[in-house]
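The block underneath contains the structure these notes are about, expressed in structure tokens.
The values are calculated or read from the model by the stated rules, or taken from the named source; none is laboratory data. Computed from a predicted structure; not experimentally measured. Cβ coordinates were reconstructed from backbone atoms using ideal geometry, including for glycine residues, and neighbour counts include every protein chain displayed. The protein model used for the area step is the full one, side chains on, heavy atoms only, and it has no ligands, DNA or RNA in it. Shrake-Rupley method; radii C 1.70, N 1.55, O 1.52, S 1.80 Å.
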Amino acid sequence: MQIAVTIEEVRKQVRAWKQEGLTVGLVPTMGYLHEGHTSLMDAARENDRIVVSIFVNPMQFGPNEDLASYPRDLKHDVELCEKHGVDLVFHPSPEEMYGGEFYSYVDMNVLTQELCGLSRPVHFRGVCTVVTKLFNIVTPDRAYFGQKDAQQLAVIRRMVKDLNMPLTVVGCPIIREADGLAKSSRNTYLTPEERTAALVLSRSVFLGKEMAEQGEKDCGKITSAMTALIRKEPLAEIDYVKIVDADTMQQVEEIRGAVLGAVAVRIGTTRLIDNFMTGI
Ligand code: AMP
């Protein structure tokens, strides 16, 4: 497995693969890898070669967010990538990605103005910009994203469609701990007491999905039941509990077609997200 820190190294390797007629899958990550990430690598095996990027992207963090404390463990990440058959790890420095003068952004309306976009106003601009850069550097045939970050996946799908980017976006299911908590690099911030409290996210998501699947169409009723469940936990502070159209991320009142039920909840100082899809 090759570890590249410069854009030029990646370009050179990918060029060689493409000359051989090989397909390339890209898994963008911020590192501190877990089974959620490795499930994307396993899905990317449908390509001849797999590239995993490990880059904590400063541009997608707001001024009061956890950029400085975001967990990092490159040695462990590299071992996991090796174990899952990754061919190239791209681990650039912030200078390599944004060094010198940098004036260009990829931004989006509508989809980014709901859910996480409300409390994280610069987040999706940072995500769209870095993912565009990674697509331009790696030129993958397919790129893999987790349903765990459902709004991010919807935003990337829209960006690729709107801007005619020549690749296929593949969405992969949420990987959970045995007790239901969605796996996340940020779970490491939780104290044992908060770890138990964090189960309200997955419990509320399971409740919402079950209500929808048993025929409840009224989104207000579903989100009220989810909210009531979360409010029972004293350590939980709700950012949002919403049901939105699965493509546009706009709130809906009634379940008709594919919808996303999404929650963001602060457990202590840690902000966690979870979601369910229904009506697909
Ligand atoms: P991150 O390193 O948190 O930026 O995540 C990198 C990619 O892994 C994103 O596409 C995430 O949606 C995906 N991912 C993170 N956690 C999970 C999970 N528990 N299940 C599935 N995909 C995940």
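Scanning the stretch 217-236 for residues that are open to solvent by 50 Å² or more (accessible area, probe 1.4 Å) and closer than 15 Å to Ala258 by Cα returns Lys217, Asp218. If the condition is being in contact with a strand residue (DSSP E or B) (Cβ under 7 Å, 6 or more places away or on another chain) and among the β-branched types (Val, Ile, Thr), then the stretch 256-280 contributes Val259, Val263, Val265, Ile267, Ile273, Thr278. Filtering the stretch 133-156 to residues that are open to solvent by 40 Å² or more (accessible area, probe 1.4 Å) and without any contact (Cβ under 8 Å) to a residue 24 or more places away in the chain leaves only Asn136. The one condition from (1) part of a helix (DSSP H, G or I); (2) over 25 Å from Pro173 (Cβ atoms) that Tyr105 does not meet is (1). Residue pairs whose Cβ atoms lie under 6 Å apart, separated by 6 or more positions or on different chains, with the first residue in the stretch 265-280 and modelled with pLDDT under 95 and the second surrounded by 18 or more Cβ atoms within 10 Å (Cβ to Cβ), are Gly279/Ile255; Gly279/Val259. Taking residues in the stretch 22-37 that are closer than 16 Å to Ser69 by Cα and within 7 Å of the ligand (Cβ to nearest atom), and partners anywhere that are at pLDDT 95 or above and assigned to a strand (DSSP E or B), the pairs with Cβ atoms closer than 7 Å and at least 6 places apart or on different chains are Gly31/Ile54.
Taking the stretch 137-188, which residues are part of a loop (DSSP other than H, G, I, E, B) and either within 11 Å of the ligand (Cβ to nearest atom) or basic (Lys, Arg) (or both)? Walk me through how you get there before you give the answer.
Taking the stretch 137-188 as the starting set, the residues that turn out to be part of a loop (DSSP other than H, G, I, E, B) are 139-141, 163-167, 173-175, 177-181, 183-184.
Answer for the stretch 137-188, where residues must be part of a loop (DSSP other than H, G, I, E, B) and either within 11 Å of the ligand (Cβ to nearest atom) or basic (Lys, Arg) (or both): Pro173, Ile174, Ile175, Glu177, Leu181, Lys183, Ser184.
Scan the stretch 97-132 for residues that are open to solvent by 60 Å² or more (accessible area, probe 1.4 Å) and charged (D, E, K, R) and jot them down. Listed by number, the residues that qualify are Glu101, Asp107, Arg125. Note on the stretch 13-53: among residues that are touching a Leu at 6+ places or on another chain (Cβ under 7 Å) and assigned to a strand (DSSP E or B), the one that is farthest from Pro92 (Cα to Cα) is Arg49.
Do you know which of the residues in the stretch 189-202 that are of a type in the set (Ser, Thr, Tyr) and open to solvent by 20 Å² or more (accessible area, probe 1.4 Å) is farthest from the ligand (Cβ to nearest atom)? Give the derivation first.
Looking only at the stretch 189-202, we keep the residues that are of a type in the set (Ser, Thr, Tyr), and these are 189, 191, 196, 202.
Those left that are additionally open to solvent by 20 Å² or more (accessible area, probe 1.4 Å): 189, 191, 196.
On the way: Tyr189: 13, Thr191: 20, Thr196: 18 Å.
Checked the stretch 189-202; the qualifying residue farthest from the ligand (Cβ to nearest atom) is Thr191.
Residues Glu8, Glu95, Glu82: which one is in a helix (DSSP H, G or I) and touching a residue at least 12 places away in the same chain (Cβ under 8 Å)? Working first, answer last.
Working: Glu8 fails: touching a residue at least 12 places away in the same chain (Cβ under 8 Å); Glu95 fails: touching a residue at least 12 places away in the same chain (Cβ under 8 Å).
Result of the check over Glu8, Glu95, Glu82: Glu82.
Only one entry in Glu237, Glu213, Glu194 is farther than 23 Å from Ser119 by Cα and of a type in the set (D, E, K, R), namely Glu213.
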